[in-house]
Amino acid sequence: MSLNRFRWLSQSLIGRMTVLSVIFLMLALGWFTVVPYWSYATEEPLTLTGSRVRAEVRAVTNDDQRTLGSLKDSALLKEVAAANERFRLYVRHGSDEVQFGEAPRYIAHVMALGESLKTTQTEPGQAYSGLTLEEEGAETDVVFTRREGADLYYEIGGIATPVASVQNVFTAVNPMVFWFTSKNPLIAGAGVLLIAFVVLLLAARSLRTLTRAVHSFDSRSAELQLLPVEGLPTEVASLVRAINEMIERVEQTHEEQELFLATAAHELRTPMAVLRTRLEELPDSDTKETLRDDLRRMSSLVDQLLRLMQIRTNRALTDEVDLVTVARDVVAERAPLSIDRGVDIELESEPKSLTVKGHAGLVGVAIANLVDNAISFSRPGDTLKVRVHGNGRVAVRDCGPGIPPSELERIFEPFAKNPPNRQGHGLGLAIVRAIMAAHGGEVSVRNIEGGGADFSLQFNNQSLPQPA
């Protein structure tokens, strides 16, 4: 068994239940089948000889394909008769009978007792009489059993000299005897194993249904999504209900936080507007310019927070947005800024137009944030390229220093800045990722050989592009 399978058995609840069920069934079957025959095979020789004779009789009487006359050909019975002068065996099964040695001594009494019990006990297979007597230094076994269609009587006595010795359990047991005497425990064990397998299968099916429901959750849905409880086992359903309660509490806390942030960011606009007005009333000075820069950064932070709230609460992203048009507008708006910095900005587009489902304003914000980020890292004389591909990808490439490999993933986290002392709040790329998540797309970045970074916005719900 491979290491992965062993881990699955040790960590999976169903795997553990399967292993425990198999171990339990093996122990139960061993107790009801192997242990008795082990004891049988390792008995005292004289007792073992009697046990093997009785087993030989039961094997013949339980086999519909054999007659009692076949006992005359039994090598075991011939060996016992040769070693014991007083050995006698009488078997009567319905109208068929066979006899070794003397005639039976107790049949008349036992059969009469059996006939009297028929009026009160009629269950097939019930033993009416079974006793062991001590006669002339040897034991005599007398058994009467009522069978379906034919009663069974046998009498075994006169075994004083053993002919059987201790043997291996697998060679001492007659396979037919083993089957006829152990078939009920074996069938019951197989039934229990089948039931356990079905129970585990149903439990696994319920858990797979739950897993599919979790994977089908839409993070962009405005409705509260809970795990289904119907059809789950009681133990699993109680756990799912607890998880649903936790989801409701988390959602409530999340809504309260969003409301607080949105309200706080919105309410900050008024005092900042007042502050801006009063700042303009001050005489010109270096302090005034410093305060203007501080206020400008505060206003930018508030705008970014409001934009994040808009992305999280805006679920109606069903408008048709032309990526080529939006990218062209962004480049036109950012052209003056790039010119001031001495940076050339170019727009390339494979298709003439490419439509996606979403929100035009948010898509523009995502492209604009990437362009602003690229301009801030570019040097005079560099060229910044914005390219719209026919597969729904918008790429923004700069000629800056690139991004350290360790920061390629963390760069999209809120308040992450590279380098850390760079101006800004570290929310621009986080906003881009939030916008793409809301549109069912993704944002990625890679370093360009020779210098620079390539940021890509991949939209997955685009329509067929029109050739340029």
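Values as computed for the structure displayed
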{"quantity": "Net lengthening on full extension, Glu79/Ser285 (0.36 nm per residue, minus Cα-Cα)", "calculated": "61.4 nm"}
{"quantity": "For Val363, net neighbour charge (Lys/Arg +1, Asp/Glu -1) across residues whose Cβ lies under 12 Å away", "calculated": "-3"}
{"quantity": "Relative contact order %, region 322-457, counting alpha carbon pairs below 8 Å whose residues are six or more apart", "calculated": "24 percent"}
{"quantity": "Packing-based ranking, highest mean first, of 441-449, 276-284, 64-72 given that Cβ atoms within 10 Å are counted", "calculated": "441-449, 64-72, 276-284"}
{"quantity": "Environment charge of Pro405, counting only residues whose C-beta is closer than 15 Å and scoring Lys/Arg +1, Asp/Glu -1", "calculated": "-2"}
{"quantity": "Charge dipole (region 333-384, unit charges on Cβ, about Cα centre) - positive-most of His359, Ala374, Leu337", "calculated": "His359"}
{"quantity": "Cut-off under 5 Å, modelled amide H: who pairs with Val343 long-range", "calculated": "Gly381"}
{"quantity": "Rh by Kirkwood over Cα pairs, then Stokes-Einstein D for region 321-423 at 1.306 mPa s and 10 °C, µm²/s", "calculated": "109 µm²/s"}
{"quantity": "Charge sum, other residues only, whose C-beta stays under 10 Å from Arg105's C-beta, Lys/Arg counted +1 and Asp/Glu -1", "calculated": "-2"}
{"quantity": "Heavy-atom accessible surface of region 64-104: percent carbon and sulfur, 1.4 Å", "calculated": "41 percent"}
{"quantity": "Cα-based reach from Lys352 at 18 Å (exclusive), listing aspartates and glutamates while leaving out same-chain residues under 8 positions away", "calculated": "Glu320, Asp322, Asp329"}
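The values are calculated or read from the model by the stated rules, or taken from the named source; none is laboratory data. Since this is a predicted model, take the numbers as computed values, not measurements. FYI the Cβ positions are ideal-geometry reconstructions off the backbone, even for glycines, and counts take in every protein chain you see. Protein only, heavy atoms only, side chains kept; ligands, DNA and RNA dropped before computing areas. Shrake-Rupley method; radii C 1.70, N 1.55, O 1.52, S 1.80 Å.
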